[in-house]
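K.L.:
Provided herewith is a single structure, encoded as structure tokens, for subsequent inquiry.
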Amino acid sequence: MSVSALSRARPVIRRGQASRFPPTVVASFAVLALVLLWSLVPTLFTGQDPARGVPADKFLGPSTAHWFGTDHLGRDLFARVVHGTASSVTSALVAVGIGVLVGGLIGLIAGFVGGWVDAVLARLVDVLLAIPSFLLAVVVVSSLGFETINAAIATGVSAVGVFARVMRSEVLKTRRAVFVEASYLQGGSRWHILVRHVLPNASRSVLMLAVLQFGLSILIIAGLAFLGYGDPPPASDWGLLISIGKDYPLAQWLVYAPALVTIATVLSVNRISRWLRKTD
Amino acid sequence: MNRDYARYALRRVLQAIVVILLAYVFTFVVISVLPGDPVTNTLRNPQNGFTEEEIARIVSYYGLDRPVYEQLWDSLSRLLVGDLGISLRSGLPVGRLIGDVLGSTLLLAGSALVVALVLAFAIGFGTRYLPKRYGQGLLRAFPSLFLSVPNFVIGLVLINVFAFQLGLFRVIDSEGGLATFFAAIALGIPVSAQVAEVLIANLDHEAGQEYASVARSRGLGQTGLFLRHLLKPSALPVVTVVALTVGELLGGAVITEQIFGRTGIGSLVERSVTTQDLPVLQAVVTLAAVIFVVVNLVADLAYPLLDPRVRLGGAKPRDKAEVAR
Amino acid sequence: MAPQDRLTLDRVTAPADDALLRVEGLSVSYGDNQVVTDVSFGLRRGGSLALIGESGSGKSTIARAVLRLLPEGTGRARGLVEFDGQDVLSLSERRFRSLRGRRIGFVPQDPSTSLNPVRTVGSQAREAAALLDEPGGHRELVLETFAQVGLDDPRRVYDSYPHQLSGGMLQRVLIGLTVLPRPALIVADEPTSALDVTIQKRILDLLSDLRRDLDISLLLITHDLAIAAERADTLVVLKDGVVQESGGTASVFSSPSSEYARKLHADVPALNPDRYRHLRERPAGGTGERPKIEVGGVTKSFTVDGRALVAVDDVSFTVEAGTTHALVGESGSGKTTTIRLLLGLEEPDRGTITVAGEEVTGRSHAELRSIRRHLQLVYQNPFTSLDPTWTVKRLVGESLDRFRVGTRRERADRVREALDSVGLGENLLSRKPGALSGGQRQRVALARSLVLRPDVIVLDEPTSALDVSVQAGIVEVLLSLQAELGLTYVFVSHDLALVRQLAHTVSVMHRGRIVESGAVATVFDDPRRPYTRALVDSIPVGAGTVSGGVS
């Protein structure tokens, strides 16, 4: 009997290739691509100046000329939403970046070094988690000053705890994995194991969390802008637009248009995050 | 078990106290060390109308003329005797300011939690009971949708429909039952999403466990299986999740109270942020941390008593193998 | 494939209408994936039938189809399943529920996951008893049943949570709950594969006794041909969801007609103790050299919950160069801790360990590292011992890179060479573990341990996670390499039949101590300690005395 005859490879991917991208995921990627384009080249999508109002055209409902209608100064709301995208989306990216880098580093050190370093860092993370994240963001932004970039930093600080905790538990889990011991037996040094085995395996869940946190950050930053803690008008962050719109209950599109854009974006991010978790 | 539990409880209580003190220090550091001198700016702001004597009194009270670490030490010492400081805006003790509005916020947060739990369990039941294709698929999308809507948008929609169009409640100076109910819905919906997600995932997980098949093989029907077998193991972890959402409820109150025109901790924060009233902010943040830590402590201490699967004590020998030296 | 009548042909006394369970043209699919194709068999009243197959053969799926426990929504069964004259698949759920539990019982594979972890055993047992609609006295009924299935302290079991009981006790509970309503048929899905060997035999004996006393028919699902032949009077051999062969035990077992059944028979260690004799032969008598491995008086204890637990207690053994020494014992016997000490992963409290003349104990990290070049480990579970983010090429070459052996090209050549020696082709070099089968993964792990050309390889149950046919391939590779390269193996296993096939010397461990040791033939043919005898007796040998392998 030959040896190779026995090693029969089993089919690994059970589901067909077609079902790997469900339609809702495709739609989500399309929404995010559109949002990305809005923030990179807003002028491609609207020829109107977001800051220039035509007083005669104020409070016009949605129409083919003004897709999202116009506001109290007669400014085109669609143009304002599109031009506000860059600041709404990039600030969320900044927040996630801070969370991943700072939180990831804290979690990595705590999980890998262990001992008293872990004990000290664990208490710090406990503190960050104990303060309600929105409250923490509010305090930090009030201390730094009311600007959108500061709101982004504050949101990032409030997310550090979550990232640190996930990274730490993933590092601990990976460190105990059999394959890490195997690498140690192959002559792998501590550093080799950290960089080549622990980090790649642990960062998988952290990246998935980052996607989820991106959606959450958009919401938190919109909340801060809604309360007026971001850049003041004529900036047109989505949260700010909703905040202004709520003062005109008769022109409901002023609330609903930017709100729907926000919801669609966050919903797409969450759908992709869920899909990533499932395909893992 | 009992000695292990006592040791575990003691350790968790000590940790909680440390975390609360650190939260206070942390807020102090964020406020004092970050650039800008908001305290003196606020005091000197003519709009606030402080006299020179009042300024001098507050400056010496906070020791603003002394080094930062001395201020921190004073601040901590005051905290330990229950003195939360003086508001820079009104000159009133912070403790009294908070005491006046705490009840309203706790009522709101408590109602929101009830709304969240009712909603989450309704969704959870639905994903098992409703007709397969449409009902379940639709319900499963709910938590994801709830998590994607800013809570101020939910609030604005509720106000628009139920206050402006149907006239069920008034937004200005309204502390009535219906107003609280709708505010609680706005605050509770995002929280319900988190609870429902965990509940659905647990129900799915438990239904796929071997013991569920075995119980069915003994002739148990779907209803019996759900009530007697799936519900308890699925709902137990929800205790931990609910405790974690306390932060969400307190943080979300800032926006919800503003939209619904309520006075409470959230509106106090909002006012203190715009007027840079840092002692109030520091006290509120610490209070929120205390509530969060205490609720989670209770949940953690209760969990081993509720769930027989959780065994306390030492690790297995295998776990002790120090792998990456 | 196998026509229905073939099963009943050699049972002259059993007319066709005495069939209790009749399965005809059964096909099952999960979504688009068909896992069972056109399977037919019949089980007469009071008879026993075993479905035999390796993982992926669809045997458990058939059991679940009979019980109508396929996963809702995805699992779909077509064909005929007739129980006692009723078509099971077309019954309404309500009607079928009166059969399930009462007339058809189910004994699951892993008892530790088969009871609700957050409820006491008693409350679940009472629930089962209450479903029978018999008035009152459920508690007494349950306690009586617990005593009947050999549970020593029924009251304690009744008040316990599942995690407080051992696997053997839990399986007795589950069997008790299954026989409580006196069913006509029991479906047992690998009822012992999660249990220790000595307990396996007792549980199977219990099932046989109950079957005889209560006149219950048995549908046994197993991967173990020997167990099937011992416990069933009809065998059905499955592969990839298709029946390969079926018939009376005597004919299928001793003169299998299909190629697959023949191969399966040849691959079961218990049935072929001398299969690898030609590869195992050594020049008689010692070589006079110093033994490759010397373990002397080694003791190791751990502190668990504040109490000291002696995991390894005064263990000594030696292994001659070029031979295989087996450490045999059930879970918790200390065999895993012993090899961790041997590899320097743990420090012993007392005693010395010498490998190739070099002391392992009391070494610094750097010194251990150089010793390990000659001392390698293959883990039990190839699904956890390979980093899922690495390719095969990097995995196998890792130690070469770490020890900076040769040039880049030489290293690549040695990786290829190592893969070739375990029977894997170059086409796998860029694959990740997720894209390999279990057997391929274990071969990669083996190649990884060979690439440094060590003298000693420690094998920690290297085949226990694999199917028998895959296991046979790995064992053959191991023995060929030993014959070719003169490797010394320390082989840890709970499978005595496998040990008998490949080891030269053996130490039997029980509760941290070595209770018996010596040459394999001596220890197995003439065990001196009762514990060893119990272990040897628990090897299933199939029906009759079938000896000698199939070449």
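The values are calculated or read from the model by the stated rules, or taken from the named source; none is laboratory data. Small disclaimer: the values here were computed from a predicted structure and weren't measured. Using ideal geometry, Cβ is built from the backbone for each residue, glycine included, and neighbour counts are taken over all protein chains shown. Surface areas here come from the heavy atoms of the whole protein model, side chains and all, with no ligands, DNA or RNA. Shrake-Rupley method; radii C 1.70, N 1.55, O 1.52, S 1.80 Å.
K.L.:
Would you tally the residues in the range C:463-474 being more than 10 Å from chain A (Cβ to nearest Cβ) and open to solvent by less than 30 Å² (accessible area, probe 1.4 Å)? Before you say what the answer is, go through the steps one by one.
P.N.:
In the first step, residues of the range C:463-474 are kept if they are more than 10 Å from chain A (Cβ to nearest Cβ); the result is C:463-466, C:468.
Keeping just the survivors that are open to solvent by less than 30 Å² (accessible area, probe 1.4 Å) gives C:463, C:466, C:468.
Counting residues in the range C:463-474 that are more than 10 Å from chain A (Cβ to nearest Cβ) and open to solvent by less than 30 Å² (accessible area, probe 1.4 Å) gives 3.
K.L.:
Now for a different question. Given (1) touching a residue at least 60 places away in the same chain (Cβ under 8 Å); (2) open to solvent by less than 10 Å² (accessible area, probe 1.4 Å), where does A:ILE106 come up short, assuming only one miss?
P.N.:
(2)
K.L.:
Quick one: which helices (runs of 4 or more DSSP H) sit completely within the range A:82-199 and have at least 1 residues that are within 19 Å of the chain's Cα centre (by Cα)?
P.N.:
A:104-113, A:115-130, A:133-144, A:148-175
K.L.:
I want to confirm something. Restricting to the range C:37-72 and keeping residues that are open to solvent by 30 Å² or more (accessible area, probe 1.4 Å) and assigned to a strand (DSSP E or B), which single residue is farthest from C:SER469 (Cα to Cα)?
P.N.:
Ranking the qualifying residues of the range C:37-72, first place goes to C:ARG44.
K.L.:
Can you name the condition, by its number, that B:GLN136 falls short on among (1) over 29 Å from B:GLU257 (Cα atoms); (2) within 10 Å of chain A (Cβ to nearest Cβ); (3) among the polar types (S, T, N, Q)?
P.N.:
Every listed condition holds for B:GLN136 apart from (2).
K.L.:
If C:LYS201 passes every condition in (1) within 24 Å of C:LEU502 (Cβ to Cβ); (2) in contact with a Ser or Thr (Cβ under 6 Å, 6 or more places away or on another chain); (3) buried (at least 22 other Cβ atoms within 10 Å of the Cβ) but one, which one does it miss?
P.N.:
If we test C:LYS201 against (1) within 24 Å of C:LEU502 (Cβ to Cβ); (2) in contact with a Ser or Thr (Cβ under 6 Å, 6 or more places away or on another chain); (3) buried (at least 22 other Cβ atoms within 10 Å of the Cβ), just (3) comes out false.
K.L.:
Can you list the helices (runs of 4 or more DSSP H) found entirely within the range B:254-325 that contain at least 2 residues being modelled with pLDDT under 85 and either among the aliphatic types (A, V, I, L, M) or over 30 Å from B:VAL157 (Cα atoms) (or both)?
P.N.:
By residue number, B:278-306, B:317-320.
K.L.:
Okay, next question. Checking the structure you have, find out if any residue of the range B:46-59 is within 14 Å of chain A (Cβ to nearest Cβ), loosely packed, with under 14 Cβ neighbours inside 10 Å and either at pLDDT below 75 or under 30 Å from B:ASP307 (Cβ atoms) (or both).
P.N.:
no
Each row is one residue, and each column tells you yes or no for (1) polar (S, T, N, Q); (2) closer than 24 Å to B:VAL191 by Cα; (3) open to solvent by less than 10 Å² (accessible area, probe 1.4 Å).
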site: A:GLY84; (1), (2), (3): no, no, yes
site: A:ALA110; (1), (2), (3): no, no, yes
site: A:SER142; (1), (2), (3): yes, no, yes
site: A:VAL157; (1), (2), (3): no, yes, no
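K.L.:
If you don't mind, there's one more thing I want to ask. Might you check whether a residue that is away from chain A (no Cβ under 13 Å), within 29 Å of the chain's Cα centre (by Cα) and surrounded by fewer than 23 Cβ atoms within 10 Å (Cβ to Cβ) occurs anywhere in the range C:403-425?
P.N.:
Looking through the range C:403-425, none of the residues is away from chain A (no Cβ under 13 Å), within 29 Å of the chain's Cα centre (by Cα) and surrounded by fewer than 23 Cβ atoms within 10 Å (Cβ to Cβ).
K.L.:
Here's something else I'd like to know. For residues in the range B:110-159 being open to solvent by 40 Å² or more (accessible area, probe 1.4 Å) and farther than 20 Å from B:ASP204 by Cβ, which is modelled with the lowest pLDDT?
P.N.:
The qualifying residue modelled with the lowest pLDDT is B:VAL157.
K.L.:
Taking B:ALA215 as meeting all but one of (1) at the interface with chain C (Cβ under 10 Å from one of its Cβ atoms); (2) touching a Gly at 6+ places or on another chain (Cβ under 6 Å), write down the number of the exception.
P.N.:
Here B:ALA215 clears every test but (2).
K.L.:
Mind counting the residues in the range A:164-203 that are of a type in the set (S, T, N, Q) and more than 12 Å from chain C (Cβ to nearest Cβ)? Steps first, answer last, please.
P.N.:
So the first thing to find is which residues in the range A:164-203 are of a type in the set (S, T, N, Q), and the list is A:169, A:174, A:183, A:186, A:189, A:201, A:203.
Applying the additional criterion that residues be more than 12 Å from chain C (Cβ to nearest Cβ) yields A:169.
The number of residues fulfilling the criteria is 1.
K.L.:
Is one or more of the residues making up the range C:139-149 open to solvent by 60 Å² or more (accessible area, probe 1.4 Å) and either within 21 Å of C:GLY332 (Cβ to Cβ) or touching a residue at least 24 places away in the same chain (Cβ under 8 Å) (or both)?
P.N.:
Yes, there is a match, as at least one residue in the range C:139-149 is open to solvent by 60 Å² or more (accessible area, probe 1.4 Å) and either within 21 Å of C:GLY332 (Cβ to Cβ) or touching a residue at least 24 places away in the same chain (Cβ under 8 Å) (or both).
K.L.:
Is one or more of the residues making up the range C:475-491 more than 25 Å from C:GLY322 (Cβ to Cβ), at pLDDT 85 or above, assigned to a helix (DSSP H, G or I) and more than 9 Å from chain A (Cβ to nearest Cβ)?
P.N.:
No: zero hits.
K.L.:
Right, next: Return the only residue of B:LEU80, B:LEU10, B:LEU34 being open to solvent by 40 Å² or more (accessible area, probe 1.4 Å), modelled with pLDDT of 75 or more and more than 22 Å from A:VAL120 (Cα to Cα).
P.N.:
One residue alone meets the criteria, B:LEU80.
K.L.:
Now a separate question. Looking only at the range B:221-235, how many residues end up being at pLDDT 85 or above and at the interface with chain C (Cβ under 7 Å from one of its Cβ atoms)?
P.N.:
4
K.L.:
Which one is farthest from the chain's Cα centre (by Cα) among residues in the range A:218-270 that are facing chain B (nearest Cβ under 7 Å), of a type in the set (Val, Ile, Thr) and open to solvent by 10 Å² or more (accessible area, probe 1.4 Å)?
P.N.:
A:VAL255
K.L.:
I want to confirm something. Restricting to the range B:264-306 and keeping residues that are over 27 Å from B:LEU14 (Cβ atoms) and of a type in the set (D, E, K, R), which single residue is farthest from the other protein chains (Cβ to nearest Cβ)?
P.N.:
B:ARG271
K.L.:
Shifting gears a bit: With the requirement that a residue be farther than 23 Å from C:PRO462 by Cβ and not in a loop (DSSP other than H, G, I, E, B), what does the range C:339-378 give you?
P.N.:
Of everything in the range C:339-378, those that are farther than 23 Å from C:PRO462 by Cβ and not in a loop (DSSP other than H, G, I, E, B) turn out to be C:ARG350, C:GLY351, C:THR352, C:THR354, C:GLU358, C:GLU359, C:HIS365, C:ALA366, C:GLU367, C:ARG369, C:SER370.
K.L.:
Need a quick list: helices (runs of 4 or more DSSP H) entirely within the range C:73-164 having at least 3 residues that are more than 14 Å from every other protein chain (Cβ to nearest Cβ).
P.N.:
C:138-148, C:154-159
K.L.:
Test C:PRO382 against the criterion of being under 27 Å from the mean Cα position of the chain (by Cα) and farther than 16 Å from C:ASP460 by Cα, and give yes or no. Please lay out each step first, then the result.
P.N.:
Details: under 27 Å from the mean Cα position of the chain (by Cα): yes; farther than 16 Å from C:ASP460 by Cα: no.
No: the conditions fail for C:PRO382.
K.L.:
Here's a follow-up. For C:ASP215, indicate whether it is closer than 18 Å to C:ASP110 by Cα, among the acidic types (Asp, Glu) and touching a residue at least 40 places away in the same chain (Cβ under 8 Å).
P.N.:
no
K.L.:
Next up: Could you say which residue among C:SER193, C:SER208 is more than 22 Å from C:LEU496 (Cα to Cα) and either at pLDDT 90 or above or of a type in the set (Gly, Ala, Ser) (or both)? Spell out how you get there, then give the answer.
P.N.:
Details: C:SER193 fails: more than 22 Å from C:LEU496 (Cα to Cα).
Residue meeting the stated conditions: C:SER208.
K.L.:
Based on this model, can you work out whether C:SER449 counts as within 13 Å of chain A (Cβ to nearest Cβ) and polar (S, T, N, Q)? Write out each step before concluding.
P.N.:
Details: within 13 Å of chain A (Cβ to nearest Cβ): yes; polar (S, T, N, Q): yes.
Criteria met by C:SER449.
K.L.:
Another question, then. Going residue by residue through the range C:184-191, is there one that turns out to be surrounded by fewer than 19 Cβ atoms within 10 Å (Cβ to Cβ) and not assigned by TED's automatic domain parsing to the domain that holds C:VAL149?
P.N.:
No, that holds for no residue.
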